[in-house]
Amino acid sequence: MNDVAVCCMSGGYKNVFTHGVLKAFEDSGIRAKAYAACSSSVLIAAFAAFNKISALDLTLWSDGYMISQKEGNQSEAMLESIQKLSQDIKNNLWEANAARLLVATSHVKTEEAALITQSTGAKRLGQMLLINALRHKSEWKDQNLELAIFDTHSEDNNKLLTKENFEEVAYATTRMLHAWNIPAQINNQAYVDGSYTSLCPVDSLSELGYKRIVCISTERGGVAFNLFSEEMIPDKIGDSAIDFIKPDYELKEMGVDFYTISDDGLEEVYKHGYAKGLDYIKKHTE
């Protein structure tokens, strides 16, 4: 799969579906040349890149959920998960046999916006941005944010994903302003969730020349380019064909949403992702 890349969408706890797909790929001996992630898919994409997704079980999600319920926000949950898994990632992701990993983040490019996102006013701003996203109003985003892709193989040292900055990048890509109360910085600059500028960074993979990109979506319908966009990711970008793996049902109805888990939702959604991963493999290897 030298010309194939896998792109993992954002989605909070919905990414247990992505976890299932990646586990099906690994169990079937399918490994891409590159993986890209946004927001809550970052840790599972990292483990997939060095072929050890099997080391992660559903406690990754259930433990994080328990912490978020206790703390009343998502920051501590994500930081705990990063701390727990970062050593394994650092020990393996930069080995010669690991695949390339790209992580989408949103750099806060204006001083005024940086001050707000790092302050107690961030939650109110985040709530406003969610309303703007529903209305597809991107003015604030366009003025104050820019997509920043951190890449283990980047030729730009400022965007190189390293052992030293991984934890900062992994936290920054998840920081939705309305639900995360701890600011995110990379190299002393303000960053926020990658979803604001790229829900699923397929275009970044296309620019690198991957001919087939498997986009694992946490949504049943179309996948927008970013949180504010009305434009959906097409089946082809440049010379790259985009294959989508999507759930057959709304994951919320199965018991998993962005910030909530109910009943047996985790296991059901994970199994559904695993089955969809196997379906994709069967379709493309016949």
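In sequence order, the range 234-240 has phi-based couplings of x, 7, 8, 10, x, 8, 9 Hz under the Karplus curve 6.51 cos²θ - 1.76 cosθ + 1.60, θ = phi - 60°, and Gly or Pro positions carry x. The value of relative contact order for the range 5-68, using C-alpha pairs under 8 Å at least six residues apart, is 39 percent.
Once you've got the Cα coordinates, tell me which of LYS14/LYS163; LYS246/LYS276; LYS211/LYS236; LYS109/LYS141; LYS14/LYS236 are over 19 Å apart.
Details: LYS14/LYS163 27 Å; LYS246/LYS276 8 Å; LYS211/LYS236 10 Å; LYS109/LYS141 10 Å; LYS14/LYS236 25 Å.
Checking Cα-Cα distances, LYS14/LYS163; LYS14/LYS236 exceed 19 Å.
In the chain, the C-alpha radius of gyration followed by the widest Cα-Cα span (Dmax) gives 17.4, 55 angstrom. Rounded to the nearest 20 debye, the dipole magnitude of the chain is 100 debye, with +1 charges on Lys and Arg beta carbons, -1 on Asp and Glu beta carbons, and the Cα centre as origin.
Near PHE258: Cβ cut-off under 13 Å, other residues only, Lys/Arg at +1 and Asp/Glu at -1. The net charge is -2. Coordinate range of the alpha-carbon atoms in the range 1-132 per principal axis, descending: 47, 33, 28 Å.
Find the relative contact order for the chain and round it to a whole percent, using C-alpha pairs within less than 8 Å whose residues are 6+ positions apart.
Values: 593 pairs, mean separation 80.0, N = 286.
Averaging sequence separation for qualifying contacts and normalising by length gives 28 percent for the chain.
In order along the range 31-41, phi translates into HN-Hα couplings of 9, 7, 6, 8, 10, 10, 9, 9, 6, 5, 8 Hz, rounded to whole numbers, per the Karplus curve 6.51 cos²θ - 1.76 cosθ + 1.60 with θ = phi - 60° and x for Gly and Pro. With 0.36 nm allotted per residue and the present C-alpha distance subtracted, the ASN181-ASN97 stretch has 26.5 nm of extension available. Taken along the Cα-to-beta-carbon direction at a fixed 7 Å, the label points for GLN127 and SER62 span 3.3 nm.
Within the shell defined by Cβ-Cβ distances under 11 Å, the residues around SER54 carry a net charge of -1, with Lys and Arg each +1 and Asp and Glu each -1. Placing a label point 7 Å from the Cα of ASP27 along the Cα-to-Cβ line, the residues of the range 241-274 whose backbone N sits under 11 Å from it are 271-274.
Between the amide H of TYR35 and those of VAL6, ARG100, LEU101, LEU102, distances stay under 5 Å, these residues lying 5 or more places away or on another chain, with hydrogens modeled in the peptide plane.
Charges only on Cβ, +1 for Lys and Arg, -1 for Asp and Glu: so what's the dipole of the range 132-238 about the Cα centre, in debye to the nearest 20? Intermediate values should be presented prior to the final figure.
Working: 10 positive and 16 negative charges, 65 e Å.
Using Cβ point charges on Lys, Arg, Asp and Glu, the range 132-238 gives about 320 debye.
Our coupling estimate for the range 196-211, obtained by passing each phi through the Karplus curve with A = 6.51, B = -1.76, C = 1.60 and θ = phi - 60°, is 4, 10, 6, 5, 8, x, 5, 5, 5, 5, 4, 4, 7, x, 6, 7 Hz, Gly and Pro reported as x. With the contact rule set at Cα under 8 Å and sequence spacing of 6 or more, what percent relative contact order holds for the range 149-197? Result for the range 149-197 is 28 percent. Accessible area ranking (1.4 Å probe, heavy atoms, ligands and nucleic acids excluded), largest first, for LEU60, LEU205: LEU60, LEU205.
Applying 1/(1 + (r/R0)^6) with R0 = 22 Å to the Cβ-Cβ distance of THR260 and HIS136, what FRET efficiency is obtained, to the nearest 0.05? Could you put the intermediate results ahead of the total?
Values: r = 25 Å, r/R0 = 1.14.
Step by step, r from the Cβ atoms, then E = 0.30.
Computed over every Cα-Cα pair of the range 95-173 and binned at 10 Å starting from 0, the pair-distance distribution P(r) comes out as 16, 41, 28, 13, 2 percent. Per-peptide packing, taken as the mean over residues of other Cβ atoms within 10 Å, places 214-220, 11-17 in the sequence 11-17, 214-220 from highest down.
Max-minus-min Cα coordinates of the range 44-93 on each principal axis give 33, 18, 13 Å, with the largest extent listed first. For ILE233, the residues 5 or more places off, or on other chains, whose built amide H falls under 5 Å of its own are VAL223, ALA224, PHE225. GNM on the chain, alpha-carbon springs under 10 angstrom: the most fluctuating residue among ILE89, ILE186, ILE116 is ILE116. Put a dot 7 Å past the Cα of ASP156, heading toward its Cβ, do the same for HIS284, and the two dots end up 2.7 nm apart. Building the convex hull from the alpha-carbon atoms of the range 175-235 and averaging its projection over directions returns 5.7 nm². For LYS109, the residues whose modelled amide H falls within less than 5 Å of its own, excluding neighbours fewer than 5 places apart on the same chain, are LEU145, GLU146.
If a/c stays under 1.5 just call it rounded; otherwise compare a/b with b/c (prolate if a/b is bigger, oblate if not). Do that for the range 78-235, with a ≥ b ≥ c from the square roots of the Cα gyration tensor eigenvalues.
Judged from the Cα gyration tensor, the range 78-235 comes out oblate (a/c at least 1.5, b/c at or above a/b).
The values are calculated or read from the model by the stated rules, or taken from the named source; none is laboratory data. Here the structure is a predicted model, which is why all the values come from computation and not from measurement. Glycine also receives a Cβ, built like all others from the backbone with ideal geometry; neighbour counts cover every protein chain displayed. Heavy atoms of the whole protein, side chains included, go into the accessibility calculation; ligands, DNA and RNA do not. Shrake-Rupley method; radii C 1.70, N 1.55, O 1.52, S 1.80 Å.
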